[in-house]
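For reference, the structure is listed below as structure tokens.
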Amino acid sequence: MRIAPLWLLVTLQATVSAASLVVEIVAGRMLAPYVGMSLYTWTSVIAVVLAGFSVGHWWGGRLAERPVPRALTATGWALLAAAATTALAGLALRAAAGPVLTALPHPVGGITALTLAAFFLPSVFAGIPAPVLTQVSLTGTARQGHALGAMFAAGAVGAIFGTLLAGFVFISWLGSVWTLAVVTAVYLAGAALCLVLARRFGAVQATTLAGIAALALYAATSPGPCTIESRYFCLKTVDVSADPARPTRAMVIDHMVHGISAEDAPEVMFTDHAAMLDALARLRAPDTAFSSFLIGGGNYALPRAFASRGQTAITVAEIDPAVTALAARDFWFDPQTAQVLHSDARRALRSDPTRYDIVVGDAFTDTAVPQHLVTREFFELVRQRMTPQGSYLMNVIDYADRMQAAGSLVATLREVFPVVEVWTEARRPAPGERIVMILVAGQSETPTNSFTVPAPERTTFAALGPAFVDQLADIGTLLTDDYAPIDRLVGPRD
């Protein structure tokens, strides 16, 4: 005799599967403020979560050998454990981040260990119910093939819905911590159902359930690392003012500073890359009223500086509206001074034939430029959107003793542009230092090979010699839409 109707078991299986996939998607989002959002992040998340599911399925298979009431009771307790560890995942992540990343500075090891600390146990406990529920569905029926197929399909369909709900609904509307609170509630409901079906739901179980619900509420209302959590990023405003009367703020996107601005100094750049982009744009522009297209807004320091000098033909492609809103709220950017396109830059350039004197590439996912913005095909599109005297300026980060990413970008840009320059601070970098460079591509050379500007202290930047740039191109890999391993080329260091 079956202890529960098949439709109920199928529904429970699908719901638990959906909840577990929501946690997997949220894991990547929650790791970003500590380690960024990169290929290494998602690889670690997927591997750790699948490892947890595997352990849980094995454990659940052992539990499924018990008599049905005992198996369902154990499953109920497993779901209570899944609820508790899910509720605590955010707090565990915050507590573990400092010690783990200090002990394991290598990105791959640090990211993997941090993912294990926060999301392995929730995955283990969420993997336990599937074998038990499947075994229960086969009890007391002659149509075991029908029941088995329904349970496997329920797991797959639940995973699909969980992925869609996490990406399109929960994170966008609730944020990561409240999404985990919802998943905790789902696990608690599933636990209660299993215990009721096993006739083991009593005062102890009810008290445990209430305690975990209170824990989830506490975790959801605890201060997190984000000022704003958008659909794309964890955004934070940090006050870095030396003088409270002269406000200066940094915008942190995920775990990296993406710009610093001062209220009373819109034309002063506070980072090397912004100082170089600003100066090179003016050096290479055909006139002072040049038109510009900026890929990535950040804290909008560059368009703010352009507007302060009277330029009006400013277009910014910033995929995240929350970044623009935060720049207007906290970084003194006036949205009326620029045309802001909340769109992927490649899509924006492809859909509008307008040509620009200066195109600036300053979009990053972690320390690497997104793959679709580093390829020969993209650079060909950029060239088509530039005026005959136009220039493309691109922010690049690489290690001084590797330069594989910079070399690959130089080699790829040379496929499209006759002149490619590499600019950086005019000093010898320390061994293994991560350095910031600006690649310049166009029809002609920059009229000077060095300049000195505030950054915010006066700093001299220079173009690397042609022979060195040739050496970079020789070690580079041609990047195309079919093959652009920019994450691997940037790092981590061996």
>> Looking only at Cβ-Cβ distances, which cysteines of the chain have no other cysteine closer than 4.7 Å?
In response: C194
> How big is segment 76-160 on each of its three principal axes, counting only the C-alpha atoms and giving the largest first in Å?
Replying inline: 58, 25, 17
>> Could you work out the relative contact order of segment 234-490? I mean the mean sequence separation of Cα pairs under 8 Å and 6+ apart, divided by the number of residues, in percent.
In response: 18 percent
> Considering the alpha-carbon set of segment 330-374 alone, what are its Rg and its Dmax in angstrom?
Replying inline: 12.7, 33
> What do you get for Rg/Rh over segment 234-490 if you use C-alpha atoms and the Kirkwood form of Rh?
Replying inline: 0.93
> Just for segment 359-482, what percent of DSSP beta bridges are antiparallel, to the closest 5?
Replying inline: 90 percent
> Over the chain, what lengths in whole Å, largest first, do the semi-axes of the equivalent ellipsoid take, defined as the square roots of 5 times the eigenvalues of the alpha-carbon gyration tensor?
Replying inline: 51, 23, 20
> In degrees from 0 to 90, rounded to the nearest 10, what is the angle of the helix 68-103 Cα long axis to the longest principal axis of the chain?
Replying inline: 20 degrees
> In degrees from 0 to 90, rounded to the nearest 10, what is the angle of the helix 203-221 Cα long axis to the longest principal axis of the chain?
Replying inline: 10 degrees
> In a solvent-free Debye calculation with one equal scatterer on each Cα, what is log10 I(q)/I(0) for segment 419-472 at q = 0.15, 0.27, 0.28 Å⁻¹, listed in the order of the q values?
Replying inline: -0.46, -1.24, -1.28
> Using all Cα-Cα distances in segment 348-488, what percent lands in each 10 angstrom bin from 0 up to the longest?
Replying inline: 12, 43, 35, 10, 0
> If you bin the C-alpha pair distances of segment 86-212 every 10 Å from 0, what whole percents do you get?
Replying inline: 11, 29, 33, 20, 6, 1
> Looking at the square roots a ≥ b ≥ c of the eigenvalues of the Cα gyration tensor of segment 296-368, which shape do they give, rounded for a/c under 1.5, prolate if a/b is larger than b/c, or oblate?
Replying inline: oblate
>> How tilted is helix 107-127 with respect to the longest principal axis of the chain? Cα atoms for both, answer in degrees (0 to 90, nearest 10).
In response: 30 degrees
> How big is the antiparallel share of DSSP beta bridges in the chain, given as a percent to the nearest 5?
Replying inline: 70 percent
> What do you get when you divide the Cα radius of gyration of segment 1-72 by 2.2 N^0.38 Å, with N the number of residues?
Replying inline: 1.46
>> Relative contact order for the chain: what percent, with Cα pairs under 8 Å and sequence separation of 6 or more?
In response: 14 percent
>> If packing is taken as the average count of other Cβ atoms within 10 Å, what order do 365-377, 469-481 fall into, highest mean first?
In response: 365-377, 469-481
>> From the gyration tensor of the Cα coordinates in segment 202-356, what semi-axes in whole Å does the equivalent ellipsoid have, largest first, with each one equal to sqrt(5λ)?
In response: 40, 20, 11
>> Using the Kirkwood radius over C-alpha pairs as Rh, can you work out the diffusion coefficient of segment 6-225 via Stokes-Einstein at 10 °C, viscosity 1.306 mPa s, in µm² per second?
In response: 91 µm²/s
> For the residues C226, C234, what sequence is obtained by ranking on other C-beta atoms within 10 Å, fewest first?
Replying inline: C226, C234
> Given labels modelled 7 Å from the Cα in the Cβ direction, how far is it in nm from A462 to D401?
Replying inline: 2.3 nm
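Values in this text are rule-based calculations from the coordinates and carry no lab data. All figures in this text were calculated on a predicted structure; none of them were measured in a lab. Heads up, the Cβs are rebuilt from the backbone with ideal geometry, glycines too, and the neighbour counts pull from every protein chain shown.
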